[in-house]
Amino acid sequence: MNAEERYRQLTATRSGILLSIETSCDETAAAVVKNGREVLSNTVYTQIPLHKVYGGVVPEIASRSHVEKIGTVVDTALTEAGVTHEDLSGIVVTHGPGLVGALLVGLNYAKGLSLAWDLPFAGVNHIASHIAANYITFPDLEPPFTCLVASGGHSHIIRVDGYNRYTLIGRTRDDAAGEAFDKIARILGLPYPGGPELEKLAKEGDPKAIRFRSAFNEGDSFDFSFSGLKTAAINELHTREQRGETVNRADIAASFQHTLVEVLSEKAVRAAVVQGDKTLALAGGVSANTALREALRQKCERRGIRFCCPDFRYCTDNAAMVGSAGFYRLLSAPPDGFDLNAVPNLAIV
Ligand code: KG4
Ligand code: ZN
């Protein structure tokens, strides 16, 4: 079968096996996913140790490392799934948002395979992929639902109207949630990536020790801002240091996390209520944060709303979620051409 025939079969049967590739930031990942929901393999090579010494992602190092690893990662994903290219219905790949050099590695590799193996291929939005991580963990989950997306680069409250239809309800005006976690972690002397490290430190502190005001977030708007909260946490630390007081870093971490979690969870649950949705999902790297998961779970329970969040292995960047989003992407529109480019600031709506 050629690419056209494979695509026709995929849409006619609404079933098929996809190879998916993700290289938008600092993970080189490939997966094989059946019918958008069943993960046959999920290979992730993380570059975190390479970037740790610099305290953050260095784009040039990320691109070079993707080039080195992509071949092995894709081969491993196919081998672990026990499939060859002849079993595939198509190839899907993240083409934005993300680091342009990093995106180009995965995108061009996918184009090359698609040409060599005569398979349809399509670009997938990285945020749509994070949302789709929930389809893997909850096989019965279907739109419509409200979704809080909190990652290193993005923080949105999105209404998922359909598999490929989204409405933006609210967004951050400045830092993304993960970015705020990473910056405060850095100030507290924690290594990159700061989010999980800050969560660990917060477990030893008192979340009510310091009350960080967050005036912008107190209004009715579904937009949020973390720059004020970030400045308040930094000022707290510096003021205490200047006074020569001992600083309880765990209290700062716990109080900061508590405030951020309250803002995100309050607004997301209120958004679901206003939309009249019976389900609220959480997505993006910060969905690995246990305090955020718990706050949302409790608030949803009180309102009679079903709460969904991805299994931990699908929270941070991976290609299984791309295989899910890519499946629905291919069912809703024809494959992309080889002129598809990487779009660093690709929007979801
Ligand atoms: O989705 P992701 O892997 O990459 C982007 O698309 O940005 O998200 C990475 C972000 C980082 O900022 C990281 O610190 C944060 O997610 N993160 C966490 C946790 N695990 C990852 N933030 C808070 N608590 C965590 N447990
Ligand atoms: Zn991501």
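The values are calculated or read from the model by the stated rules, or taken from the named source; none is laboratory data. These numbers were taken from a predicted model, which means no experiment stands behind them. Methodologically, a virtual Cβ is constructed for each residue, glycine included, from the backbone with ideal geometry; neighbour enumeration extends over all protein chains shown.
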Qualifying residue in segment 181-202 (condition: more than 22 Å from LEU296 (Cβ to Cβ), in contact (Cβ under 8 Å) with a residue 40 or more places away in the chain, within 16 Å of ligand 2 (Cβ to nearest atom) and surrounded by fewer than 21 Cβ atoms within 10 Å (Cβ to Cβ)): yes
Criterion violated by GLY106 - all others in (1) under 19 Å from LEU330 (Cβ atoms); (2) within 15 Å of ligand 1 (Cβ to nearest atom); (3) part of a strand (DSSP E or B) satisfied: (3)
Test: ALA185 is in contact with a Leu (Cβ under 6 Å, 6 or more places away or on another chain) and in a strand (DSSP E or B): no
Residue within segment 227-250 that is out of contact with any strand residue (DSSP E or B) (no Cβ under 9 Å at 6 or more places or on another chain), at pLDDT 95 or above and away from ligand 2 (no atom under 16 Å from the Cβ) present: yes
Total residues in segment 27-37, condition in contact with a helix residue (DSSP H, G or I) (Cβ under 8 Å, 6 or more places away or on another chain), away from ligand 2 (no atom under 15 Å from the Cβ) and not in a loop (DSSP other than H, G, I, E, B): 3
Test set (1) aromatic (Phe, Trp, Tyr); (2) in contact with an Asp or Glu (Cβ under 8 Å, 6 or more places away or on another chain); (3) under 30 Å from ARG6 (Cβ atoms) - TYR166 fails condition number: (2)
Unmet requirement for PHE256, which otherwise passes all of (1) at pLDDT 95 or above; (2) more than 15 Å from ligand 1 (Cβ to nearest atom); (3) buried (at least 21 other Cβ atoms within 10 Å of the Cβ): (2)
Total residues in segment 203-236, condition assigned to a helix (DSSP H, G or I), surrounded by 17 or more Cβ atoms within 10 Å (Cβ to Cβ) and of a type outside the set (D, E, K, R): 5
Hits in segment 38-53 (condition: farther than 15 Å from VAL93 by Cα and either assigned to a helix (DSSP H, G or I) or at pLDDT 95 or above (or both)): GLU38, VAL39, LEU40, SER41, TYR45, THR46, GLN47, ILE48, PRO49, LEU50, HIS51, LYS52
Which numbered condition ILE187 misses (of (1) at pLDDT below 95; (2) within 11 Å of ligand 1 (Cβ to nearest atom)): (2)
Qualifying position, being more than 15 Å from ligand 1 (Cβ to nearest atom), closer than 17 Å to GLU38 by Cβ and either touching a Gly at 6+ places or on another chain (Cβ under 8 Å) or not hydroxyl-bearing (Ser, Thr, Tyr) (or both), among PHE138, PHE121: PHE138
Matching residues, segment 309-318, being within 11 Å of ligand 2 (Cβ to nearest atom) and hydrophobic (A, V, I, L, M, F, W, C): CYS315
Single unsatisfied condition, ALA132 versus (1) away from ligand 2 (no atom under 16 Å from the Cβ); (2) of a type in the set (A, V, I, L, M); (3) in contact with a helix residue (DSSP H, G or I) (Cβ under 8 Å, 6 or more places away or on another chain): (1)
Failed condition for ILE48, given (1) touching a residue at least 12 places away in the same chain (Cβ under 8 Å); (2) touching a helix residue (DSSP H, G or I) at 6+ places or on another chain (Cβ under 9 Å): (2)
Condition check for LEU119: part of a loop (DSSP other than H, G, I, E, B) and among the aliphatic types (A, V, I, L, M): yes
Candidates SER15, SER24, SER63 - the one that is part of a loop (DSSP other than H, G, I, E, B), modelled with pLDDT of 95 or more and more than 18 Å from THR316 (Cα to Cα): SER15
Residue identified as of a type in the set (A, V, I, L, M, F, W, C) and more than 16 Å from ligand 2 (Cβ to nearest atom) among ALA176, ALA150, ALA122: ALA122
In segment 259-299, the residues that are without any contact (Cβ under 8 Å) to a residue 12 or more places away in the chain and within 13 Å of ligand 1 (Cβ to nearest atom): GLU294
VAL149 vs. criteria modelled with pLDDT of 95 or more, within 16 Å of ligand 1 (Cβ to nearest atom) and under 14 Å from the mean Cα position of the chain (by Cα): yes
